[in-house]
Structures are given as structure tokens and as C-alpha cells.
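Trainee: Below you will find the structure I want to go over with you.
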Amino acid sequence: MNLPTKIVLNEKMIPHLEIDFMNNTHFEEIKMVKLIGKLISSYQKNDTQSEEEINQITCSLEEWLDHTRAHFTRENTLMMEINFPAYPIHSGEHEKVLTEMTSIVEEWKKNNDIEALVDYVFYRWPSWFDQHVNSMDMMTAKIAVMHGFDPHSLPQQQDQ
């Protein structure tokens, strides 16, 4: 069976947005996904998988999930701070992806299904991420700066 070429994002492919923290977060996320991709590829090459390999993948996935939660929280906070008109749509995408990612990570932890990870890490997530950064995030950054948000700062933390 011939699989399509794996989608591999790199920092140069992602547009530079007008807000530093968004760019930095995106670059960090791409690095994390590249590492997970390498771990998955290594796992697939071995006839037997070690507990160490499984643990490395699990830890990397949990780290990515935590990073994504923080990523989306910062962007949602920014959107609330500037009264971004498309907040429900943009934050809704965040919720959908976080739910999906959480499900993938939990499923991996239960049954170590590498094919589900391959599909998500190499195909579904990169395609979504590229589209999301080029549309939702780009517009959010432009509008935030137009509304006076300092592109070199972080959004104010909301009181819980």
C-alpha cells in the first residue's frame, strides 16, 4: 500500500505573524511535532518496541498537549483582550483541536496504536495547523496590532 508523502512542517513554511509570542509558540510547536515524528518513525522501524520508546512517545505527546493548551489559552486571552469579533469561531477551532488531540493522546496511552498517531501527527494536524495559522491566527494578529496591542508583549492574564 502506498501512503501519501508525510506532511512535515518547518518554521520557514509558516507565515511570520505580527505578534512575537504567536510566532514563538508556533515555532516551538513545530519543533515538538518534528520530534514526535522522529520518535514515531523510529518506533515503526523496529520489529519490537521497547518500553522506553513507548514512554518517550507518551511523554512527548503529553508535553505537546500541555504546550497546545497553553498556546490556545494565550491566543484566546489575546482575542478577549481586543474584543476580537471572530472569537467564537477561532476559539471554537481551538476547542475542537484540543478535544481531538486529547483523544489521540489518551488512545495512544491505552493501546499504543501507532497508526492513529501516524495519521494525526503526519497528516491531519499539519494540514489543520497550516490552514489555521494562515487564516485565523494571521487575522487575529493583524487586528490585535491594529487595535494597539504591542506585538512584542504577551496578553494580560484574565482573572479566573
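The values are calculated or read from the model by the stated rules, or taken from the named source; none is laboratory data. If you're wondering where the values come from, they're calculated on a predicted model, not measured in any experiment. Please note: Cβ atoms are built from the backbone with ideal geometry, for glycine as well, and neighbour counts cover all protein chains shown.
Trainee: If you go through segment 98-136 one residue at a time, how many are of a type in the set (D, E, K, R) and either in contact with a His (Cβ under 9 Å, 6 or more places away or on another chain) or not in a helix (DSSP H, G or I) (or both)?
Mentor: Result for segment 98-136: 1.
Trainee: Write out, first by first residue and then by second, each pair whose Cβ atoms fall under 9 Å of each other, whose residues are 6+ apart or on separate chains, and whose first residue, in segment 120-142, is under 24 Å from Glu107 (Cβ atoms) while the second is surrounded by fewer than 19 Cβ atoms within 10 Å (Cβ to Cβ) and among the basic types (Lys, Arg).
Mentor: Val121/Lys6; Phe122/Lys6; Tyr123/Lys6; Pro126/Lys6
Trainee: Which of (1) surrounded by fewer than 15 Cβ atoms within 10 Å (Cβ to Cβ); (2) closer than 26 Å to Ala141 by Cβ; (3) free of Cβ contacts under 8 Å to residues at least 24 places away in the same chain does Asn23 not meet, given it meets every other one?
Mentor: Condition (1) is where Asn23 drops out.
Trainee: Could you tell me how many of the residues in segment 109-119 are surrounded by 14 or more Cβ atoms within 10 Å (Cβ to Cβ) and out of contact with any Asp or Glu (no Cβ under 8 Å at 6 or more places or on another chain)?
Mentor: Number satisfying all stated conditions: 5.
Trainee: If you take the residues of segment 57-97 that are in a helix (DSSP H, G or I) and aromatic (Phe, Trp, Tyr), which of them is nearest to Leu35 (Cα to Cα)?
Mentor: Among them, the one singled out is Trp64.
Trainee: Residue under question is Gln44, and the condition is that it be of a type outside the set (Val, Ile, Thr), modelled with pLDDT under 95 and not in a helix (DSSP H, G or I); does it hold?
Mentor: For Gln44, the condition - of a type outside the set (Val, Ile, Thr), modelled with pLDDT under 95 and not in a helix (DSSP H, G or I) - is not met.
Residue-wise test of (1) closer than 28 Å to His147 by Cβ; (2) of a type in the set (D, E, K, R); (3) without any contact (Cβ under 8 Å) to a residue 40 or more places away in the chain.
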site: Val33; (1), (2), (3): no, no, no
site: Lys38; (1), (2), (3): no, yes, yes
site: Ser42; (1), (2), (3): no, no, yes
site: Thr58; (1), (2), (3): no, no, no
site: Glu62; (1), (2), (3): no, yes, no
site: Glu75; (1), (2), (3): yes, yes, no
site: Leu78; (1), (2), (3): yes, no, no
site: Phe84; (1), (2), (3): yes, no, no
site: Leu98; (1), (2), (3): yes, no, yes
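Trainee: With the requirement that a residue be of a type outside the set (S, T, N, Q) and either surrounded by 13 or more Cβ atoms within 10 Å (Cβ to Cβ) or in contact with a strand residue (DSSP E or B) (Cβ under 6 Å, 6 or more places away or on another chain) (or both), what does segment 32-50 give you?
Mentor: Result: Met32, Val33, Lys34, Leu35, Ile36, Gly37, Leu39, Ile40, Tyr43.
Trainee: Here's a follow-up. Among (1) loosely packed, with under 12 Cβ neighbours inside 10 Å; (2) part of a helix (DSSP H, G or I), there is one condition Gly148 misses while meeting the rest; what is its number?
Mentor: (2)
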